[in-house]
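One structure is given below, encoded as structure tokens.
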Amino acid sequence: MSSYNELGIELMVTGANAGTWGDKTNTNLNIIQQAIAGYLSQAVTSGGTLALAITDGSTSTSKARNMILKLTGTLGGNSIVTVPDSVEKMFVVEDGCDHAGYTLTFKTVSGTGLLLCEGNTVTCFSDGTNIVKANEFRKWRTITASETVQSGANLFVDTNGGAVTVTLPASPADGDIVNFVDSRYTFDANALTVGRNSLKIANASSDLTVNTEGAAFGLVYSGSNVGWTYTEK
């Protein structure tokens, strides 16, 4: 009798499936293709958890088996996308969502996973227990209104239409980075405020106001003692 491995590939025993071996083999090859090169665009539009499954012997209902996942939509609350536990494979996850100030987590069902950054693409893997980030492509994007951002954000801040407040992540890890550029050279007229979100910025327990025309700088989280500190000035 056949069994299935963690990717849902049918493991056929000698002498089984007489007359259907070819069809089952083709299905298995399609499953392998999906796991190493499959692409899925998946809408994530509301708060809560979206569970992506792997179904034995099927590609059509196995969204979590795809190698490349593009997440889309406008979040309506803090959202989670899960893949099954006990599956060891790589993923490339593009965060194409408008976070609207909310967080988006990619994880295994029982793991803690990782917070995705709006606009960025992460190469990661499941070790069977948790999702581990291997690398991140950080895309620059333009903002014209206040928002809360995630670690890894590269921001062209346009204050031509008025002052903008960018609130830093609530629970950063050591080494998390956010970068800022005055894209319209208007910080002197309409300042950027960096909201500290209860943590220090440059060892100060206050928000950071930036009113220097053409300013460009980064903040890296260095721990609770000093908080966010400059990568350059």
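The values are calculated or read from the model by the stated rules, or taken from the named source; none is laboratory data. All of these numbers come straight from a predicted model, not from anything done at the bench. Positions of Cβ are backbone-derived with ideal geometry, glycine not excepted, and every protein chain shown enters the neighbour counts.
A few points about this structure:
- For the range 169-211, a residue qualifies if it is more than 12 Å from Asp158 (Cα to Cα) and among the basic types (Lys, Arg), and the qualifying residues are Arg196, Lys200.
- Residues that are more than 23 Å from Tyr221 (Cα to Cα), surrounded by fewer than 17 Cβ atoms within 10 Å (Cβ to Cβ) and among the small types (Gly, Ala, Ser) within the range 160-197 comprise Gly161, Gly162, Ala163, Ala189, listed in sequence order.
- Only one of the numbered conditions (1) within 30 Å of Phe91 (Cα to Cα); (2) outside the structural domain of Val109 (by TED's automatic domain parsing); (3) touching a residue at least 24 places away in the same chain (Cβ under 8 Å) is violated by Gly128, and that is (2).
- Check on Gln42, of a type outside the set (Asp, Glu), in contact (Cβ under 8 Å) with a residue 12 or more places away in the chain, part of a helix (DSSP H, G or I) and under 23 Å from Lys107 (Cβ atoms): no
- Scanning the range 117-159 for residues being within 22 Å of Arg196 (Cβ to Cβ), outside any strand (DSSP E or B), of a type outside the set (Ser, Thr, Tyr) and within 17 Å of the chain's Cα centre (by Cα) gives a total of 7.
- Of all the listed residues (Phe187, Phe106, Phe156), the sole one being out of contact with any His (no Cβ under 7 Å at 6 or more places or on another chain) and within 27 Å of Val87 (Cα to Cα) is Phe106.
- Residue count, the range 212-229 (criterion: touching a strand residue (DSSP E or B) at 6+ places or on another chain (Cβ under 8 Å) and more than 16 Å from Asn154 (Cβ to Cβ)): 6
- The number of residues in the range 7-40 being surrounded by 15 or more Cβ atoms within 10 Å (Cβ to Cβ) and among the acidic types (Asp, Glu) comes to 1.
- Checking the stated criteria, Ile54 turns out to be assigned to a loop (DSSP other than H, G, I, E, B) and among the aliphatic types (A, V, I, L, M).
- Hits in the range 133-146 (condition: surrounded by 15 or more Cβ atoms within 10 Å (Cβ to Cβ) and either modelled with pLDDT under 95 or of a type in the set (Lys, Arg) (or both)): Lys133, Arg138, Lys139
- Of the residues making up the range 217-233, those that are within 20 Å of Asn190 (Cα to Cα) and either in contact (Cβ under 8 Å) with a residue 40 or more places away in the chain or surrounded by 14 or more Cβ atoms within 10 Å (Cβ to Cβ) (or both) are Phe217, Gly218.
- Scanning the range 1-37 for residues that are hydrophobic (A, V, I, L, M, F, W, C), in a helix (DSSP H, G or I) and more than 15 Å from Asp56 (Cβ to Cβ) yields a count of 4.
- Top-ranked residue of the range 59-75 - restricted to ones that are assigned to a loop (DSSP other than H, G, I, E, B) and either at pLDDT 95 or above or not assigned by TED's automatic domain parsing to the domain that holds Asn130 (or both), ranked as surrounded by the fewest Cβ atoms within 10 Å (Cβ to Cβ): Met67
- Test result for Gly101, part of a loop (DSSP other than H, G, I, E, B), under 16 Å from the mean Cα position of the chain (by Cα) and either at pLDDT below 95 or on the phi < 0 side of the Ramachandran plot (or both): yes
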